[in-house]
Each structure stands twice: as structure tokens, then as C-alpha cells.
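Novice: The following block contains the structure, expressed as C-alpha cells.
The values are calculated or read from the model by the stated rules, or taken from the named source; none is laboratory data. As the structure is a computational prediction, the values presented were derived from the model and not from experiment. Every residue, glycine among them, receives a Cβ derived from its backbone with ideal geometry; neighbour counts consider all protein chains shown. Protein only, heavy atoms only, side chains kept; ligands, DNA and RNA dropped before computing areas. Shrake-Rupley method; radii C 1.70, N 1.55, O 1.52, S 1.80 Å.
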Amino acid sequence: MKRIMLSMTAAAALAAAAPQAGAEEYTFGTYVSPTSTTFRAGSEPLLQRLEEQSNGEMTWEAFTGGAMGGPKELLGNAGSGVLDASGVVDIYVKASLPHSSLVSGMLIVGEDPAAMAGAMNEFQLLNCPACLEDHEKNNVVAMGFSSTGTYHLICKDEVHTMDQLKGKKVRAVGGMGRAMQSLGATAVSITTAEMYEAMQRGQMDCATGSAAWLDTYNLKDFSRSIVSDSLGSYFGIMSWVMNKDVWDEIGEANQQIIKDNMAELVADIVWAYGPEGEEALKNLEAAGGAVYSFDDALKAEIARLRAEEYETTIGVGKESGIENAEELVRTFEKLVDKWNGIMAEVGDDKAAYIEALQREVYDKI
């Protein structure tokens, strides 16, 4: 097996575990910090489970904080073998993942992150051949699509009305950027890794994102207001992207172990965002910040944009040369309806959600 050996410090919990005889050591990279929601609650416990359930055949070394590539490099690094696996944000590499990012760009429709994550997994893995072709072109196997918590408007100053929003520089990507432009703001398309510096330097006045980011990305250092109304969520986090050659080499037994852990990975991330967001709001208020609601005019405009988003995205897809854009968007829309129904039954029961995701998606691949 050809492998690029790396000599860097991994996450402490993983580095402390010595590989057993006959074990292979694999590498996982992410641009987020080791304390971020997606790594601490999702990727880190997943890597530990994979090692335990494979009886030490798979041991993992984790590289966090962009040590092995930033948001725009991780897909290529996994595909080329620089990393064996990584987390990828599809919307940052749209040219490489056009079909996936078209759908995940509809952030404003993502009012229930758990439902959106369920729909995205079923869409990507069972209902989007073009998505699988994109993965193959990039020499990766992708699964475990998760969602952030609900998005909110986080600003340096008080911003919760149409007049206050006009002219503000707002970090927003994909369809959220279109929405902000429609609402009179100036959309700034940057990655989450760049938010802190951009807000510090005045390159943005606000960010659209999870409340948890006040702490995760330290936006609380500059922010004095957040709007509690949901702007949607981002549901295109490709939490598990593995080099295709390595995937083929690990064998069916270890492949199955990975598949059997994806539903729990997704649920772990989605369920962690809620309490972390609530804690971040408390910290913001304790530091003198304030929580607002949108005024009626802004609420009405956001509702209008949300209702039009599927149609808008079809048009965007066609303009960008995706011939089956309408089929992709309509397929996803039906799956969102399906998973909204599942969530009506599941509620806050995390175990029931994992069971549903396993049954509806991972038992079928």
C-alpha cells in the first residue's frame, strides 16, 4: 500500500493510542479546530469507534485546524492521497462538486437541520447518480452528510430590521448570499475559517451562521447582537470523505464498519449544535450582547425568499450548465418533505433518528 507518512502532532486522544500489530495507521484532516462542534462531537468519537470496532486494524491520526489543508484544499488532498480521509464543505469547492453544492446552496430552506441532514444523505447516496460521479472524478468515497445548527444573523452592532441590514457586509455563501443581496445587504463570500479575521478587519459587519459559532470561531469577540429567528441551515457538510484507493484496500469488513457508524456520526453533530448554541447565546448576553427578533418586514421578506428558493435554485443550476438541475432540486424537495415527516415522528429522540437514517439510507448502500 503506497502511503504518504506524516510527522505532525495529532489530536491528543488519538495520538495516545499505539497501533496494534498488523494495524494500519490512517490520516484524517479537517480545517476546524479540535474544540469545534463537528470534530469534538462528531469526527473524534467516530475515529475512536472505528479503531475499537476494527479491533485495532484501523488506527487514525487526526490533523485539525487546517494543518493538512484548508477548506478549499481538503477534497483534493483526500483524492490525491495526501490524506486518507477528511471533512469537506462542498460549497467551497463547487467546481469539483457542482451537483452536491447546487442543492446544499439552498441554506434558507433548512429550517430543521436534522431533517435536512437526513434528506441530504438519502439524496447524495441513493438518488443522485451525478453526485456519485462527482465523487468518483475526485477519487473519493463520500458519506456522512451532516448539518450545522440553524443559521442566525450575528452582527457587530444591533441589526434586526430591514433598514439596519441595508448596506451591511454580511458573510453569506450560496443561496444565503443571494438572499442577503435581495434584502439590501452586501454578501461577502468567505469560508468559516476566514470569518474572525474578516470581522476583526472590518471586511464584514455580520455573519450568517450557527449561534455556536460565537464560541467556536470566537465571533463573540466582536459581535454584540444575534437574531434568534432562523435563517435556515447549511446541510452540505461532507463529514466523511475517503480516498477511493484506500477505501478499496481496507476490505469489505472495515468498509461495513465505516458505513455502520455514519448515522451516529451525523446525529452526534446535529444534536450537539443545539446545546452549544444555547450556551453561546448565554455567553453573549453575559458579555453585554443582545438577542433580537427580526422586524415584521424582514420576516415577511425572508419567508418570501424561502418559498421561492427551490425555483430560484433550478434557474441558477440551469444557468451554470447543470442540465438536470430541475430533476435534482425536485428530487431533493420531495426528500425534505419525507424527512420532515420522519422528524415529526422522531422528535428529539436521537436514537430513533439514528435508526431511521440507518434504515432509510445506510442499510441500502
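Novice: Could you check Ile322 against (1) of a type outside the set (Asp, Glu); (2) closer than 24 Å to Leu102 by Cβ; (3) part of a helix (DSSP H, G or I) and say which number it fails?
Specialist: Ile322 satisfies every listed condition except (3).
Novice: What number of residues within the stretch 217-256 satisfy the criterion of being in contact with a strand residue (DSSP E or B) (Cβ under 8 Å, 6 or more places away or on another chain) and either assigned to a strand (DSSP E or B) or within 28 Å of Leu357 (Cα to Cα) (or both)?
Specialist: Residues flagged as in contact with a strand residue (DSSP E or B) (Cβ under 8 Å, 6 or more places away or on another chain) and either assigned to a strand (DSSP E or B) or within 28 Å of Leu357 (Cα to Cα) (or both) within the stretch 217-256 amount to 23.
Novice: Starting from residues that are touching a residue at least 40 places away in the same chain (Cβ under 8 Å) and part of a loop (DSSP other than H, G, I, E, B), keep the ones in the stretch 22-52 and report whichever is surrounded by the fewest Cβ atoms within 10 Å (Cβ to Cβ).
Specialist: Here the residue is Thr35.
Novice: Moving on. Every residue in the stretch 307-323 that is crowded, with 16+ Cβ neighbours inside 10 Å and not hydroxyl-bearing (Ser, Thr, Tyr), please. First the steps, then the outcome.
Specialist: The first filter runs over the stretch 307-323 and keeps only residues crowded, with 16+ Cβ neighbours inside 10 Å, leaving 309-310, 312-314, 316-317, 322.
Passing the criteria: Glu309, Ile314, Val316, Gly317, Ile322.
Novice: State yes or no: is Val109 in contact with an Asp or Glu (Cβ under 9 Å, 6 or more places away or on another chain), under 27 Å from Tyr310 (Cβ atoms) and of a type in the set (A, V, I, L, M)? Break it down stepwise before answering.
Specialist: On the way: in contact with an Asp or Glu (Cβ under 9 Å, 6 or more places away or on another chain): yes; under 27 Å from Tyr310 (Cβ atoms): yes; of a type in the set (A, V, I, L, M): yes.
Yes, satisfied.
Novice: Would you pick out the residues in the stretch 266-284 that are within 15 Å of Ser228 (Cβ to Cβ) and among the charged types (D, E, K, R)?
Specialist: Those that are within 15 Å of Ser228 (Cβ to Cβ) and among the charged types (D, E, K, R): Glu278, Glu279, Lys282.
Novice: Another question, if that's okay. Would you confirm whether or not the stretch 278-299 contains a residue that is modelled with pLDDT of 95 or more, under 21 Å from Leu102 (Cβ atoms) and of a type in the set (Asp, Glu)?
Specialist: no
Novice: Tally up the residues in the stretch 99-126 that are in contact with a helix residue (DSSP H, G or I) (Cβ under 7 Å, 6 or more places away or on another chain), of a type in the set (A, V, I, L, M) and surrounded by fewer than 24 Cβ atoms within 10 Å (Cβ to Cβ), please.
Specialist: The total comes to 2.
Novice: Within the stretch 173-187, restricting attention to residues that are part of a loop (DSSP other than H, G, I, E, B) and in contact (Cβ under 8 Å) with a residue 40 or more places away in the chain, which residue is surrounded by the most Cβ atoms within 10 Å (Cβ to Cβ)? Even if it seems obvious, please write down each step before you answer.
Specialist: Taking the stretch 173-187 as the starting set, the residues that turn out to be part of a loop (DSSP other than H, G, I, E, B) are 173, 183-185.
Filter again for in contact (Cβ under 8 Å) with a residue 40 or more places away in the chain, leaving 173, 183.
Values: Val173: 26, Leu183: 20.
Among residues in the stretch 173-187 that are part of a loop (DSSP other than H, G, I, E, B) and in contact (Cβ under 8 Å) with a residue 40 or more places away in the chain, the one surrounded by the most Cβ atoms within 10 Å (Cβ to Cβ) is Val173.
Novice: Next question, about the same structure. Can you tell me which of Glu158, Glu197 is part of a helix (DSSP H, G or I), modelled with pLDDT of 95 or more and open to solvent by 30 Å² or more (accessible area, probe 1.4 Å)?
Specialist: Glu197
Novice: Same structure, new question: Restricting to the stretch 53-88, name every residue that is in contact with a Phe, Trp or Tyr (Cβ under 8 Å, 6 or more places away or on another chain) and part of a strand (DSSP E or B).
Specialist: Met58, Thr59, Trp60, Glu61, Ala62, Phe63, Ala85, Ser86, Gly87
Novice: Inside the stretch 328-365, can you point out the residues that are surrounded by fewer than 20 Cβ atoms within 10 Å (Cβ to Cβ), of a type in the set (A, V, I, L, M) and closer than 15 Å to Asn127 by Cα?
Specialist: Ile365, the sole residue that qualifies.
Novice: Another one. Looking for something more than 17 Å from the chain's Cα centre (by Cα) and part of a loop (DSSP other than H, G, I, E, B) - is there at least one such residue anywhere in the stretch 109-122? Explain how you work it out, then say what you get.
Specialist: We begin by selecting, within the stretch 109-122, every residue more than 17 Å from the chain's Cα centre (by Cα); these are none.
Taking every residue of the stretch 109-122 in turn, none turns out to be more than 17 Å from the chain's Cα centre (by Cα) and part of a loop (DSSP other than H, G, I, E, B).
Novice: Next question. Sort out which residues of the stretch 282-306 are open to solvent by 30 Å² or more (accessible area, probe 1.4 Å) and part of a helix (DSSP H, G or I), and write them in order of number.
Specialist: If the condition is that a residue be open to solvent by 30 Å² or more (accessible area, probe 1.4 Å) and part of a helix (DSSP H, G or I), then Lys282, Asn283, Glu285, Ala286, Asp296, Ala297, Lys299, Ala300, Glu301, Ala303, Arg304, Arg306 are the ones that fit.
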